[in-house]
1. How do the peptides 109-118, 164-173 rank, highest first, by the average count of neighbouring beta carbon atoms within 10 Å per residue?
2. Mind pulling up the Rg/Rh value for the chain? Radius of gyration and Kirkwood radius, both on Cα.
3. In straight Cα distance, which aspartates and glutamates are under 18 Å from K18, not counting same-chain residues fewer than 8 positions off?
4. Would you work out what percent of the accessible area of the chain, with all protein chains in place, is carbon or sulfur (probe 1.4 Å)?
5. Which value, in Å² rounded to 10, gives the accessible area of F133 with a 1.4 Å probe and all protein chains present?
6. Looking at the square roots a ≥ b ≥ c of the eigenvalues of the Cα gyration tensor of the range 1-97, which shape do they give, rounded for a/c under 1.5, prolate if a/b is larger than b/c, or oblate?
7. Only four residue types carry charge here, +1 at the Cβ of Lys and Arg and -1 at the Cβ of Asp and Glu. Report the dipole size of the range 235-354 about the Cα centre in Debye, rounded to the nearest 20.
8. Pairing the Cα long axis of helix 328-343 with the longest principal axis of the chain, what angle in degrees results, from 0 to 90 and rounded to the nearest 10?
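The values are calculated or read from the model by the stated rules, or taken from the named source; none is laboratory data. Computed from a predicted structure; not experimentally measured. We place every Cβ from the backbone using ideal geometry, glycine too, and count neighbours over all the protein chains shown. Ligands, DNA and RNA are stripped out before the accessible areas are found, and what is left, the full protein with its side chains, is counted by its heavy atoms. Shrake-Rupley method; radii C 1.70, N 1.55, O 1.52, S 1.80 Å.
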Amino acid sequence: MSIPRLQNFINGQPMANKSGETIAVENPATGEEIYHIEVADEHIREAAIESAREAFKIWSATPAVERARVLHRAAALLRERNNELAGYEVQDCGKPLQEAEAVDVVTGADVVEFFASLAPTQVGQQQDLGGDFYYTRKEPLGICAGIGAWNYPLQIACWKSAPALAAGNVMIFKPSEETPRGAVELAKLYIEAGVPAGVFNVVIGAGEVGQWLTNHASIEKISFTGEVPTGKKVVESAASTLKDVTMELGGKSPLLVFEDADISQAVSAAMLGNFFTQGEVCTNCTRVFVHESIMEAFMDELVRRTQNNIVAGDPMNPDVNFGAMISKKHQELVMSYIEKGKQEGARLVTGGTTLSPDDAPDGYFIAPTIFADCTDDMTIVKEEIFGPVMSVLAFTDEDEVIRRANDTPLGLAAGVMTQDVKRAHRVIHQLQAGICWVNSWGASPAEMPVGGYKMSGIGRENGIETLNQYTQTKSVYMGMVDLESPF
Ligand code: NAD
């Protein structure tokens, strides 16, 4: 049986490469090759830039209300196709369908809708200067590039393209080579909604295609989601042409569970923040600090619910709530962290093994894993694992836990579980993280800006401020009186 091919999507249609180079994409829950991608070669790359350049002339001159109307149609189509698109995400990522149907496409559509609504609100200002005056215009940047990670492929493509397109820019998007389909589906859907050809092009391939984007002199901005080491390379390369950058990188986020917390709620937060999307979420609270006085009760409920309520298996089965790791290589990496955890003296409470569910025996599963008695110096407590591995640490007082929570070069997210409203604000204001939750974990509505402190990122996605990051201000000074010149 011949394996289907996924082509680059340029100027409103799929485009074949000339090099013939392909990369295989696997379904992580079955280990089967599901299709091959055609890597963007020279011919495709030139066409992507050329069509983006032409499309920018049209799209940037389109009235904002018209851009809004088109993007609202795209959001509606995303919702209409929710089940079909969620299915593709499951096949590419190995995540449970019940999650993809409830979260992935919907949160993408929400963001497209949000920025569509904001598009016509962009206004400049005018100020009199005693005769002369000036005004400002909010102008788009030009050709922007988006580079995505593999954990939320369609959602990331929506989160990057929506503000870019709403502000009148065009975007060339490179999805992860492991999960490229969502972005191509989005490109098709944008065309159907009325977005002009070339406004959203998709180039596919591995890091080398990303590097070409970050180096290209015609690209004004890079919005990147991925690991910290890759992010550093992207910033370095973008600096060669002084591109604007938005960096959404990794985390090692703390959840602080105080002695007055509702224990069931705290367990829910810890489980959501470690086992949702089988632990492959950037904001995960992989360091769970629990006050020593409630440790026993917390651990009892945590272990019971982890052992009883998590159903790993074929992610297309609607009852399954825990999927497979993205690849064999990633499964091995996560297992190597689990081994390090054991070697360095963390107490393995549950999990710690690969899984071979009856209905998905060849998938790259890892059991939800909890380590207790962890200390701050352990590798599993310091490094991002990006898998279902929770480290639980005990603490005794507030100042101590704040200091320990902040003792990391990363700063993506943080959470506090307490019923004391003063403590909640006092503590959260001292935590060095861009996305904070009090008595909650994981919600990321379109309205709320998200992004990292410290090495977890630069700039924000979502929220009103993100639209500004896709515009530049032009000041126009109007001379109404004769120039005074000494020459
Ligand atoms: P990755 O850094 O390996 O790859 C990300 C993207 O960069 C891919 O498309 C890849 O092909 C591309 N790439 C690789 N080398 C490149 C280069 N030199 N120049 C340009 N592009 C290059 O990350 P990943 O493994 O796909 O994703 C997992 C990581 O993403 C985790 O660290 C996770 O925390 C992070 N992440 C962050 C957020 C956030 O919003 N902060 C969201 C999701 C994932």
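1. Working: 109-118: 23.4, 164-173: 26.6.
Those peptides, ordered most packed to least, come out 164-173, 109-118.
2. 1.01
3. Output for K18: E38, D41, E42, E46, E50, E208.
4. On the way: 10190 of 19890 Å².
Carbon and sulfur: 51 percent of the exposed surface of the chain.
5. F133 exposes around 50 Å² with every protein chain in place.
6. Values: a/c = 3.58, a/b = 1.27, b/c = 2.81.
In terms of gyration-tensor shape, oblate.
7. Numbers: 10 positive and 16 negative charges, 90 e Å.
Around 420 debye, computed over the range 235-354.
8. Tilt of helix 328-343: around 50 degrees.
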